[in-house]
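No value in this document is a laboratory result; all are computed from the given coordinates. These numbers come from a predicted model, not from an experiment. Because the Cβ atoms are built from the backbone with ideal geometry, glycine has one as well, and the counts that use them run over all protein chains shown.
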Amino acid sequence: MKILCLGVVGAGKTSLIQRLTQDRIWEEKTGCVIYGDWMDTPGEMFENQGFFRRLLQLTNQVELVLWVVDATKPMLGNHLEYRRLIQTEVIGIATKIDTEEADLLRVSKRMQELGIWRWFPISNHTGEGLEALREELLELEQMIHLKKKK
Ligand SMILES: Nc1nc2c(ncn2[C@@H]2O[C@H](COP(=O)(O)OP(=O)(O)OP(=O)(O)O)[C@@H](O)[C@H]2O)c(=O)[nH]1
Ligand SMILES: [Mg+2]
């Protein structure tokens, strides 16, 4: 299953991919689109209107989009237009729930505003919430597999 992560600079996209694929994290700023089964994008691309169309094209090349939100700053940016135009399935991720500033009530409002009904609060640092996310990803992968077989 091909998955694409998008979200503002520093939201925790790369850390999430590191966690899910290697089970450890290290600092690595994303400078360009990283292609593969886990497609990583630089937050600048999400924040800059000039990349809007390109990012949308990329979402069409994957089976799942992870919309990564920093739980300490969930309201950052508008991006409602992006959400409306993405045709691929979207799951929300709220990162940094290990920090005191994390505000899950605001995240919940943000996700609602974005029309993202399935979202997972997680910490890339402590690993909290990742098991539930892994299970969800496995289920989705199986469903996509079945659909392809038909
Ligand atoms: N406390 C805490 N810090 C996190 C978490 N996830 C990421 N971080 C930190 O946040 C910073 C940014 O994380 P990245 O994973 O590089 O963020 P990104 O979304 O890939 O950012 P860009 O590549 O710039 O778009 C790093 O210092 C991470 O260690 C988390 O769940 N909890
Ligand atoms: Mg990154």
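Key figures
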| read-out | value |
| --- | --- |
| From 110, 19, residue being farther than 25 Å from residue 148 by Cα, surrounded by 12 or more Cβ atoms within 10 Å (Cβ to Cβ) and more than 16 Å from ligand 2 (Cβ to nearest atom) | 110 |
| Close pairs (6 angstrom Cβ cut-off, 6 or more residues apart or separate chains): over 18 Å from residue 120 (Cα atoms) in the range 1-27, within 11 Å of ligand 1 (Cβ to nearest atom) anywhere | 9/43; 25/15; 25/18; 25/19; 25/124 |
| Residues of the range 57-78 satisfying the condition of being surrounded by fewer than 16 Cβ atoms within 10 Å (Cβ to Cβ) and either in contact (Cβ under 8 Å) with a residue 12 or more places away in the chain or assigned to a strand (DSSP E or B) (or both) | 60, 61, 75, 77 |
| Condition check for residue 123: small (Gly, Ala, Ser), within 14 Å of the chain's Cα centre (by Cα), more than 16 Å from ligand 2 (Cβ to nearest atom) and surrounded by 13 or more Cβ atoms within 10 Å (Cβ to Cβ) | yes |
| Set 93, 97: member being out of contact with any helix residue (DSSP H, G or I) (no Cβ under 6 Å at 6 or more places or on another chain), part of a loop (DSSP other than H, G, I, E, B) and among the β-branched types (Val, Ile, Thr) | 97 |
